[in-house]
Amino acid sequence: MENNVNAPWVFANIDLLVLDETDPKLNARYVPEWKLEGLPSYTSLAGNSRAWCSLKVNADLRKVGVKGTNSAAASSWSKWGRKSPFWFGSILDISHQSGGRHVCFFLFWIDEKKGICATMDGNKSNKFCIAQTTLSAKADKLVTGPRWPIDQKDGLTVSMAEVLNRYPILKVGSNSNGSTR
């Protein structure tokens, strides 16, 4: 596997993993992004009418020099970049059964036949976390398939075992110390 599996944005802010949206460290890193996304009156991650999942994806991409959508709307990712396979670090534009939208990074399949994968999420349970996400007609659905930056080298398809062998911190439920406790 290549360094960062061709997706350095996944690791851009990994030191903040499992912090809650009210945590001062998480807010210090991500709140300045609201202004860049046209919402200068937002002064925290919590308590806003917009979720911060798109803000996190934009900030992580920006930190490694990749241009995102510069929009706080999760739906803005449906036409961003190019369609891709389920590469490590690809961006998933998700529609919830409730009608809301979410955006996150794909990490690996837990059970591809059942559509269960590991994702890196901002604002899932009001935290920055590694989560189990089910992509099926009965749960969350992909809107346009995985997306990849137009100007970046192709990503890599990697198994759960390969990812966790190299990056145990990316196990569902892990924290920034790699612990799942």
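Observations on the model:
- Residue-level accessible surface for ARG50, protein heavy atoms, 1.4 Å, Å²: 100 Å²
- Rounded accessible area of ASP15 (nearest 10 Å², 1.4 Å probe): 70 Å²
- Two-decimal log10 I(q)/I(0) for region 69-144, as the Debye equation yields it once each C-alpha is a single scatterer, q = 0.12, 0.14, 0.20 Å⁻¹: -0.29, -0.40, -0.87
- Average Cα contact separation per residue, region 1-159, under 8 Å, 6 or more apart, as relative contact order %: 25 percent
- Rule-of-thumb Rg ratio for the chain [Cα; 2.2 N^0.38 Å; N residues]: 0.95
- MET160 - accessible surface, heavy atoms, 1.4 Å probe, Å² rounded to 10: 70 Å²
The values are calculated or read from the model by the stated rules, or taken from the named source; none is laboratory data. Since the model is a prediction, treat every value here as computed from it, not as a measurement. We work out accessible area using only protein heavy atoms, side chains counted, and drop any ligands, DNA or RNA first. Shrake-Rupley method; radii C 1.70, N 1.55, O 1.52, S 1.80 Å.
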